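Encoded as structure tokens, the structure appears first; notes follow it.
The values are calculated or read from the model by the stated rules, or taken from the named source; none is laboratory data. This one's a predicted model, so the numbers in the text were calculated from it and none came from an experiment. FYI the Cβ positions are ideal-geometry reconstructions off the backbone, even for glycines, and counts take in every protein chain you see.
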There are 2 protein chains.
Amino acid sequence: MSDYDVIVLGGGPGGYLAGERLGHAGLRVLLLEADTVGGTCVNVGCIPTKSLLHSAKTYLHALDGARFGVKATGVEADWATMQAWKAKTVKTLVGGVQANLKRLGVTIVNDLGALAGPGRVEVGGSIQTADQVIMATGSEPVMPPIPGAEGRVVDSTGLLAIDHIPERLVVIGGGVIGVEFASLFAALGSRVDVVELLPEILPFMDTDIASRAREGIEGVTFHLGCRVESLDGEPGSSTVHFTDAAGEPQELTAGTVLMAVGRRPRIADSGAAGAGLDIVRGAIRVDDTMRTNLPGVWAVGDVTGRSLLAHAAYRMAEIATAHILSPGQAPPGQRLREDTIPWAVYSIPESAGVGLSEAQAQARGLDVTCAVVPLYLSGRFVAENGVKAPGAVKIVAETGSRVVRGIHMVGTYAPETIWGAAAVLENELTVEDLRQIVIPHPTVSEGIREASWGTP
Amino acid sequence: MSDYDVIVLGGGPGGYLAGERLGHAGLRVLLLEADTVGGTCVNVGCIPTKSLLHSAKTYLHALDGARFGVKATGVEADWATMQAWKAKTVKTLVGGVQANLKRLGVTIVNDLGALAGPGRVEVGGSIQTADQVIMATGSEPVMPPIPGAEGRVVDSTGLLAIDHIPERLVVIGGGVIGVEFASLFAALGSRVDVVELLPEILPFMDTDIASRAREGIEGVTFHLGCRVESLDGEPGSSTVHFTDAAGEPQELTAGTVLMAVGRRPRIADSGAAGAGLDIVRGAIRVDDTMRTNLPGVWAVGDVTGRSLLAHAAYRMAEIATAHILSPGQAPPGQRLREDTIPWAVYSIPESAGVGLSEAQAQARGLDVTCAVVPLYLSGRFVAENGVKAPGAVKIVAETGSRVVRGIHMVGTYAPETIWGAAAVLENELTVEDLRQIVIPHPTVSEGIREASWGTP
């Protein structure tokens, strides 16, 4: 008999959720985590950034309250307290994950672990056996070999731990992480520049929405189509040298430089390669049921390279556990459908979306009909923001079938609204079906309704 | 040839939306409105209350900012500016509705109008003819004949126009209107009592959620199961006499008393009875396609008694116009499905729901399985509110089929989240289907996901 039914490598969203589901089902589960359970997401990712962004939004609302009839003087951002609230939030949530795993009988060992082969994992120098192994080792920030970068840049984990609001911040990379940090510190008074290689920020987002998001973020100068060449300067004053879209050399000097050009699967110490797992473009290859090429070995979350989103890791963990718990009998729906996984950006303004952008649809050869409507058509949006605030919804629908293939939005509440769009896509509703879904009035989510009626 | 293709009586959500859809289709439309287009909703209902509640929330956030790292002194609620922002919002939205109707070629006449028979409407003393007539005359506050009430109470329209924050406010009625006003003024410092006849506030809401909503509203004393007997006192100091749940006489004295026991269809001056429309329990009887008993006469919105929600009026208008525009050929889905119309309450905390409560399901003889989960399971909820803030999600599912029949929630963002639940109910998804929908992390809407997994 094996030591465990299942061994899970990694205690982030994919790993701890698999542990919870399997423990709940009564399986003997060993969860290996070298650091703190909760992984990047809870400790140095989604949660701390959202905590700080909530503080920043509270600060902006206090500054902006006068027009709504809320007077205040001496409004001040107290970074130390923002950091303390963030730390308290993280501690609470880590404690919740730990307590839940313990309650469900999951054994947690504070060790990285390394896959030694099907059903075999090395833990602290000895081999533990299990019928099934789930690789959930996550990802780590990419540090490109730009001359002079080493020692002059911080990654997202480093910037989260900063003890002051930087006077000047340069962000290299205009993806979600770069944009959220840029928006956070701009809101708190930093002078912020973002240098992005591509012609638009947030490249997964439909450009009609991404451009509005960019224009809506106040206090940040975006340098698009720019390649960073090198860094130099003294500690506390780094100069970023880059080539702009016209091919001209440019430079920016700041006390703090964030490198946020992406993340890559964390594989090196996981034993994946040595045990014979297929590695494709630096990620563990899985099929749509999360199976790897080795029998009884599964992979979920960032390490698969399929998505870097925590909720995608949750979904992958659910798929893998559904198949582990019902061998050969899991429902046919238990497959990864990447086109119905939403994303959200918690910058100011917020944005969110699910499904195909117009460009992605065209790249697949689909003939699509699109509509973009402004959020000032929503009464609640106007009541809470005025007509000039940034906000829009875009719908991408197939021209013949009228099936909705993408819904994208920028504006208040977008991250909380978008799951309904995921439900629309999962059910392959048409534009006309969507029009029949009743959305409460007055809400900002009614913008989706307006967009459905605006789709020709 | 008739004077118009369609005459619409009433310029509220049901009426103006019908006008927009029909005008867009190229029909000749006359819209009659005695007051201001936008109706109760835009002028003295949904929109002004949400504007003021947004101001109140901004005020509370400024007061509560210190724990999130936002210092402020002299935080003060400036009622005159709150009222000015409200007025500006209403003016903007009324202007938008007017401009849109004009752009679509709809003729607006500032007259109540009265139905004179099929295809015939009296307008300013003469008869206008049309192929179709839509009755959208809305509703008005109920003023029950309680001794001494006249002259000592205001209705919601009156309270919206108040020029100061009342020191003491008594609200008669614990429905949506009563609860939203109670929460608004309690947030702004009024001492507020709510006297409700039933054993729980918000009677359409599942009691597990309604009780949490009630307990979460700070600064309001709720008197449940209490019958108001009479009012007396001088102007500016009214005493409300009521019998409490134990049958004991009680009284409350306040400068302002809001009567908010409900609304009734506005029929009296509409010509409905004289023209021969079936009136049942004070409402114009319609079938699920919004047809009345008279040929070519339709009714939508509050006047039908089917729902008092603006978005239900929108939906009814869309159903009626779909049938008018495609006689005999409207899609079978163009029928009113009351069980999938969500509702939202914008008090502090907010709440929302769609579908059956547990009690409603049992009253229909359904065997249901339910789950209630706290929102502190959501990382974003904890990051933005802490673990002690009020928040919960309840799911009501049929035991055999596992089809979700109701989703109810209290907590931040509930009104923006709930439309996804409407999509779930419209598609008759099971608990297991719902679990497969990916909700972004970290969001409060993930509470619905937690509830789906918590459903046994």
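Here's a check for you: in the range A:138-171, which residue that is of a type in the set (Val, Ile, Thr) and under 30 Å from A:GLU76 (Cβ atoms) is surrounded by the most Cβ atoms within 10 Å (Cβ to Cβ)? Result: A:VAL171.
Taking the range A:81-100 as the range and being touching a Ser or Thr at 6+ places or on another chain (Cβ under 7 Å) and either surrounded by fewer than 18 Cβ atoms within 10 Å (Cβ to Cβ) or not hydrophobic (A, V, I, L, M, F, W, C) (or both) as the test, the residues that pass are A:LYS86, A:THR89.
Looking at the range B:125-150, which of its residues are of a type in the set (Gly, Ala, Ser) and without any contact (Cβ under 8 Å) to a residue 12 or more places away in the chain? Matches in the range B:125-150: B:GLY125, B:SER126.
Which count do you get for residues in the range A:391-411 that are crowded, with 21+ Cβ neighbours inside 10 Å and part of a loop (DSSP other than H, G, I, E, B)? Counting residues in the range A:391-411 that are crowded, with 21+ Cβ neighbours inside 10 Å and part of a loop (DSSP other than H, G, I, E, B) gives 2. Go over the candidates A:SER237, A:SER190 one by one and state the one that is farther than 22 Å from A:MET143 by Cβ and not assigned by TED's automatic domain parsing to the domain that holds A:ASN385. Exactly one of A:SER237, A:SER190 is farther than 22 Å from A:MET143 by Cβ and not assigned by TED's automatic domain parsing to the domain that holds A:ASN385, namely A:SER190. When the residues of the range A:51-91 are filtered to those that are more than 8 Å from every other protein chain (Cβ to nearest Cβ), among the aliphatic types (A, V, I, L, M) and within 24 Å of the chain's Cα centre (by Cα), the one that is nearest to A:GLU180 (Cα to Cα) is A:LEU53.
Residues in the range A:21-34 that are more than 20 Å from A:VAL297 (Cβ to Cβ) and either within 12 Å of another protein chain (Cβ to nearest Cβ) or within 22 Å of the chain's Cα centre (by Cα) (or both): A:HIS24 only.
The set of residues in the range B:435-451 that are more than 7 Å from every other protein chain (Cβ to nearest Cβ), crowded, with 24+ Cβ neighbours inside 10 Å and touching a strand residue (DSSP E or B) at 6+ places or on another chain (Cβ under 6 Å) comprises B:GLY447, B:ILE448, B:ALA451. Within the range A:348-381, restricting attention to residues that are touching an Asp or Glu at 6+ places or on another chain (Cβ under 6 Å), within 14 Å of chain B (Cβ to nearest Cβ) and not β-branched (Val, Ile, Thr), the residue that is farthest from A:GLU318 (Cα to Cα) is A:LEU377.
Any residue at all in the range A:182-204 that's of a type in the set (Val, Ile, Thr), more than 19 Å from A:GLU350 (Cα to Cα) and more than 18 Å from the chain's Cα centre (by Cα)? Yes, there is a match, as at least one residue in the range A:182-204 is of a type in the set (Val, Ile, Thr), more than 19 Å from A:GLU350 (Cα to Cα) and more than 18 Å from the chain's Cα centre (by Cα).
Residues are listed down the side, and each one gets a yes or a no for (1) assigned by TED's automatic domain parsing to the domain that holds A:LEU184; (2) modelled with pLDDT under 95; (3) under 30 Å from A:ALA210 (Cα atoms); (4) of a type in the set (A, V, I, L, M, F, W, C):
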position: A:ALA330; (1), (2), (3), (4): no, yes, no, yes
position: A:GLN334; (1), (2), (3), (4): no, no, no, no
position: A:ASP339; (1), (2), (3), (4): no, no, yes, no
position: A:LEU356; (1), (2), (3), (4): no, no, yes, yes
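Given the conditions (1) surrounded by fewer than 22 Cβ atoms within 10 Å (Cβ to Cβ); (2) more than 12 Å from chain B (Cβ to nearest Cβ), which single one is not true for A:GLY386? Condition not satisfied by A:GLY386: (2). Kindly check whether there is at least one residue in the range B:262-280 that is in contact (Cβ under 8 Å) with a residue 40 or more places away in the chain, touching a Lys or Arg at 6+ places or on another chain (Cβ under 6 Å) and surrounded by fewer than 20 Cβ atoms within 10 Å (Cβ to Cβ). Checked the range B:262-280: no residue is in contact (Cβ under 8 Å) with a residue 40 or more places away in the chain, touching a Lys or Arg at 6+ places or on another chain (Cβ under 6 Å) and surrounded by fewer than 20 Cβ atoms within 10 Å (Cβ to Cβ). Under the condition of being in a helix (DSSP H, G or I) and of a type in the set (Gly, Ala, Ser), which residue from the range A:95-125 is farthest from A:LYS50 (Cα to Cα)? Among those residues, the one meeting the criterion is A:ALA99.
Against the list (1) surrounded by fewer than 23 Cβ atoms within 10 Å (Cβ to Cβ); (2) assigned to a helix (DSSP H, G or I); (3) among the charged types (D, E, K, R), the condition B:ARG380 fails is (1). Criterion applied to A:VAL303, A:VAL354, A:VAL373, A:VAL286 was being of a type in the set (A, V, I, L, M, F, W, C) and surrounded by fewer than 24 Cβ atoms within 10 Å (Cβ to Cβ), and the one residue passing it is A:VAL373. The strands (runs of 3 or more DSSP E) falling completely within the range A:205-261 that include 3 or more residues that are within 21 Å of A:GLU350 (Cβ to Cβ) map to A:220-223. Being within 30 Å of B:ASN43 (Cα to Cα), within 8 Å of chain B (Cβ to nearest Cβ) and either in contact with a helix residue (DSSP H, G or I) (Cβ under 8 Å, 6 or more places away or on another chain) or not aromatic (Phe, Trp, Tyr) (or both) is a condition met by at least one residue of the range A:394-415. Among the residues of this structure, A:VAL424 counts as one that is under 22 Å from B:GLU446 (Cα atoms), touching a helix residue (DSSP H, G or I) at 6+ places or on another chain (Cβ under 6 Å), without any contact (Cβ under 8 Å) to a residue 24 or more places away in the chain and facing chain B (nearest Cβ under 10 Å).
Restricting attention to the range A:96-113, does a residue exist that is within 11 Å of chain B (Cβ to nearest Cβ), free of Cβ contacts under 8 Å to residues at least 60 places away in the same chain and β-branched (Val, Ile, Thr)?
Here is the first cut: in the range A:96-113, the ones within 11 Å of chain B (Cβ to nearest Cβ) are A:96-97, A:100.
Subset that is free of Cβ contacts under 8 Å to residues at least 60 places away in the same chain: A:96.
Still in the list and also β-branched (Val, Ile, Thr): none.
No, the range A:96-113 contains no residue that is within 11 Å of chain B (Cβ to nearest Cβ), free of Cβ contacts under 8 Å to residues at least 60 places away in the same chain and β-branched (Val, Ile, Thr).
Of everything in the range A:323-347 that is more than 9 Å from every other protein chain (Cβ to nearest Cβ) and among the hydroxyl-bearing types (Ser, Thr, Tyr), the residue that is farthest from A:ARG28 (Cα to Cα) is A:SER347.
Beta carbons closer than 9 Å, at least 6 apart along the sequence or on distinct chains, pair a first residue in the range B:35-47 that is more than 9 Å from chain A (Cβ to nearest Cβ) with a second that is of a type in the set (Val, Ile, Thr) and outside any helix (DSSP H, G or I) for B:VAL37/B:ILE108; B:ASN43/B:THR36; B:ASN43/B:VAL37. Candidates B:ALA320, B:ALA299, B:ALA313: the one that is in contact (Cβ under 8 Å) with a residue 60 or more places away in the chain, within 28 Å of B:ILE177 (Cβ to Cβ) and within 13 Å of chain A (Cβ to nearest Cβ) is B:ALA313.
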